[in-house]
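The values are calculated or read from the model by the stated rules, or taken from the named source; none is laboratory data. What you see is a predicted model; the values in this text were computed from it and never measured. Backbone-built Cβ (ideal geometry, glycine too); neighbour counts: all protein chains shown.
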Amino acid sequence: MTAPTADTHDTGLPALEVRGIESGYGRTTILRDVSLTVASSTVSALLGPNGAGKTTLLRTISGFVRPRKGSILLFGEDITNMSPHKRFQRGLCLVPEGRGVFRSLTVRENLVMQSVRGQESEAVDRAAAAFPLLKERLRSQAGTLSGGQQQMLAMAAAYVREPRLLLVDEASFGLAPIIVDEIFASLQRVAASGAALLMVDQFAERALQMAASACVMRRGSIIYDGAAESLRMEDLFAEYVQAGEVPPARSESRSDAAGSSARSRLD
Ligand code: ATP
């Protein structure tokens, strides 16, 4: 089987269309009438306070939570009722919160597991080139890596599949600032390979710097869907404060003052 590659990404269709999704756990409804689009080969930031439903949305898109209503299209193909495995085969990869690496396997074995059969060596070389921190640790057991290295491995394992759409849930969570820089750099590399990215991250401003578009969630609904540069930081941060949270750490490099008047208000 050949994995979909970066060369096949630009079909002119959006990488992802979520239409009117309702989903939840047991009898509890979490997502209500959620719609969003991620254009091919672009980065989209999915933001909002804890409990807004971001992880549930990523899990629904990747097939681990079944929607009760609505549809999900991957490059125009309806994947709403497909298993997570079939979605994965079609180029949709989730890097879950908490990393999801196989801790008892070596770094190399983790990468090989995600590789297309017959292309294991190339895949490992490709991952090592894109994630230099892992190069020296290929024989190490994944469980012995630092948190940042494990996160890097989780992304490298997704990267070797040459995903068409990568969903990344809180890649920088709990990591030291210098490692966070590495994580964002590796996300940039994945995006540069042609994959579309839908990313959830605590560092909202940094995510927005990378992103072309942004969605903001509040209590299971999308309350902003538009250009990343049009999202007003003060309105975004007010969402976190209203939910009883400290607003996400601000980036030094993004000037909120400049251009904030041109940004759209949240509803
Ligand atoms: P966080 O950043 O805290 O993960 P989030 O925006 O990703 O927030 P979700 O994790 O999707 O939000 O949670 C949305 C709601 O769904 C919350 O009220 C949460 O308690 C609930 N929830 C999450 N997972 C489950 C589960 N497995 N069973 C029942 N309820 C759940």
query: Among the helices (runs of 4 or more DSSP H) contained in segment 114-218, which hold 2 or more residues that are without any contact (Cβ under 8 Å) to a residue 12 or more places away in the chain and not aromatic (Phe, Trp, Tyr)?
result: 120-130, 132-135, 177-192
message: Step by step: first the residues of segment 62-98, then only those that are more than 12 Å from the ligand (Cβ to nearest atom) and aliphatic (A, V, I, L, M), then the one that is surrounded by the most Cβ atoms within 10 Å (Cβ to Cβ). Which residue is that?
response: Leu92
field: Residue check, Arg164 charged (D, E, K, R) and either surrounded by fewer than 19 Cβ atoms within 10 Å (Cβ to Cβ) or in contact with a helix residue (DSSP H, G or I) (Cβ under 6 Å, 6 or more places away or on another chain) (or both)
entry: no
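For (1) more than 21 Å from Val190 (Cα to Cα); (2) part of a strand (DSSP E or B); (3) not aliphatic (A, V, I, L, M), each residue gets a yes or a no:
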| site | (1), (2), (3) |
| --- | --- |
| Arg59 | no, no, yes |
| Gly63 | yes, no, yes |
| Leu73 | yes, yes, no |
| Thr80 | yes, no, yes |
| Leu94 | no, yes, no |
| Glu97 | no, no, yes |
| Val101 | no, no, no |
field: Count - residues of segment 24-51 that are near the ligand (Cβ under 10 Å from one of its atoms), touching a strand residue (DSSP E or B) at 6+ places or on another chain (Cβ under 8 Å) and modelled with pLDDT of 95 or more
entry: 6
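Taking the condition crowded, with 18+ Cβ neighbours inside 10 Å, farther than 20 Å from Leu198 by Cβ and among the small types (Gly, Ala, Ser), does Ala156 pass?
Answer is no for this residue.
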